[in-house]
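Novice: Have a look at this one before I ask anything.
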Amino acid sequence: MAVQHKQDPIVLVIDFHHARGPEIEHCIADEGTDPATENDWSLLPFMALSDGAHLSTEEFSYFTLCRKGTSTIPETSLFGISCSRQIDSSLLINRSADVTRSTVQKAVVVVTDSPQRVGQLREKLSVVTSAWFAQRDFSDVDILKKFREGLVISPAE
């Protein structure tokens with residue numbers, strides 16, 4: 001029987017850039033790691049921030065990703081859920097120079113090794129994403145870091 005390697009949850013932020021399209025803005029993972037680059041998750045932004053997400057107040061996407069294997073850890077599937085929202089850019093407290101459109105669209109993503117956990121995360125992810133948007137300051141990701149810390153220390157419910 002193969003030994004399973006536990007993957008701590010990863011929290012990411014996907015931003016829709018007006019010229020480049022969706023891209024990873026933040027990756028909150030184990031210190032010193034960059035799982036999106038290490039595993040070539042180049043399509044993650046497109047899966048997490050789907051076409052038409054701007055047509056609703058809140059949109060969820062579900063997807064799978066591949067975690068590459070190493071000499072000690074087998075390749076495996078990981079499971080993702082994203083919650084997309086948008087805000088009128090005039091409401092932002094810290095508006096970056098990149099913001100040139102009337103709305104800012106972002107997705108908060110959780111990647112986990114448990115498919116059961118994805119369904120359980122939907123409500124928590126909605127609350128956290130809503131609270132992060134309510135700050136009106138996307139440079140402050142403390143709430144997202146604390147969210148990940150809670151996911152890491154709490155076992156799958």
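Novice: On the basis of being part of a loop (DSSP other than H, G, I, E, B), polar (S, T, N, Q) and under 24 Å from D30 (Cβ atoms), does T70 make the cut?
Specialist: Values: part of a loop (DSSP other than H, G, I, E, B): yes; polar (S, T, N, Q): yes; under 24 Å from D30 (Cβ atoms): yes.
In short, yes.
Novice: Continuing with the same structure: Can you tell me which condition D51 does not meet? The list is (1) closer than 20 Å to V104 by Cα; (2) touching a residue at least 24 places away in the same chain (Cβ under 8 Å), and all the others hold.
Specialist: Going through the list (1) closer than 20 Å to V104 by Cα; (2) touching a residue at least 24 places away in the same chain (Cβ under 8 Å), D51 breaks only (2).
Novice: Return only the number of the condition from (1) more than 20 Å from L151 (Cα to Cα); (2) in contact (Cβ under 8 Å) with a residue 24 or more places away in the chain that E23 does not satisfy.
Specialist: (2)
Novice: Would you confirm, using the coordinates I've provided, whether V111 is within 30 Å of K6 (Cα to Cα) and in a helix (DSSP H, G or I)? Talk me through it step by step, then tell me what you get.
Specialist: On the way: within 30 Å of K6 (Cα to Cα): yes; in a helix (DSSP H, G or I): no.
No: the conditions fail for V111.
Novice: If you go through the range 96-110 one residue at a time, how many are surrounded by 15 or more Cβ atoms within 10 Å (Cβ to Cβ) and farther than 15 Å from T129 by Cβ?
Specialist: If we filter the range 96-110 for residues that are surrounded by 15 or more Cβ atoms within 10 Å (Cβ to Cβ), which is where we start, we get 99, 104-110.
Still in the list and also farther than 15 Å from T129 by Cβ: 99.
Total satisfying the criteria: 1.
Yes/no per residue for (1) modelled with pLDDT of 85 or more; (2) over 20 Å from L144 (Cα atoms); (3) in contact with a Cys (Cβ under 7 Å, 6 or more places away or on another chain):
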{"residue": "F60", "(1), (2), (3)": "yes, no, yes"}
{"residue": "T72", "(1), (2), (3)": "yes, yes, no"}
{"residue": "T100", "(1), (2), (3)": "no, yes, no"}
{"residue": "V108", "(1), (2), (3)": "yes, no, yes"}
{"residue": "D113", "(1), (2), (3)": "yes, no, no"}
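Novice: Condition (residue is outside any helix (DSSP H, G or I) and within 15 Å of I14 (Cβ to Cβ)) applied to the range 87-101: is it met by at least one residue?
Specialist: Residues of the range 87-101 that are outside any helix (DSSP H, G or I), as a first pass: 87-88, 92-101.
Filter once more, keeping what is within 15 Å of I14 (Cβ to Cβ): 87, 98.
Yes; the residues of the range 87-101 include at least one that is outside any helix (DSSP H, G or I) and within 15 Å of I14 (Cβ to Cβ).
Novice: Further question on the same structure: Which of the residues belonging to the range 129-156 are touching a residue at least 40 places away in the same chain (Cβ under 8 Å) and either assigned to a helix (DSSP H, G or I) or within 20 Å of K6 (Cβ to Cβ) (or both)?
Specialist: T129, S130, F133, L144, K145, F147, R148, L151, V152, A156 - these are the residues of the range 129-156 that are touching a residue at least 40 places away in the same chain (Cβ under 8 Å) and either assigned to a helix (DSSP H, G or I) or within 20 Å of K6 (Cβ to Cβ) (or both).
Novice: While we're here: Can you name the residue in the range 122-157 that is touching a Pro at 6+ places or on another chain (Cβ under 7 Å) and over 18 Å from E25 (Cβ atoms) and, of all such residues, is surrounded by the fewest Cβ atoms within 10 Å (Cβ to Cβ)? If you could, list the steps in order and put the result at the bottom.
Specialist: Of the range 122-157, the ones touching a Pro at 6+ places or on another chain (Cβ under 7 Å) are 148, 151-152.
Next, only the ones that are over 18 Å from E25 (Cβ atoms) stay: 151-152.
Details: L151: 20, V152: 12.
Filtering first and then ranking leaves V152.
Novice: Still on this structure: Are any of the residues in the range 41-64 surrounded by 17 or more Cβ atoms within 10 Å (Cβ to Cβ) and assigned to a loop (DSSP other than H, G, I, E, B)?
Specialist: Within the range 41-64, one or more residues are surrounded by 17 or more Cβ atoms within 10 Å (Cβ to Cβ) and assigned to a loop (DSSP other than H, G, I, E, B).
Novice: For the range 4-40, which residues satisfy the criterion of being assigned to a loop (DSSP other than H, G, I, E, B) and of a type in the set (S, T, N, Q)?
Specialist: Quick first cut of the range 4-40, residues assigned to a loop (DSSP other than H, G, I, E, B) only: 4-9, 18-20, 29-34, 39-40.
Scanning the range 4-40 gives Q4, Q7, T33, N39.
The values are calculated or read from the model by the stated rules, or taken from the named source; none is laboratory data. These numbers come from a predicted model, not from an experiment. Don't worry about glycine lacking a Cβ; one is built from the backbone with ideal geometry, like all the others, and counts go over all protein chains shown.
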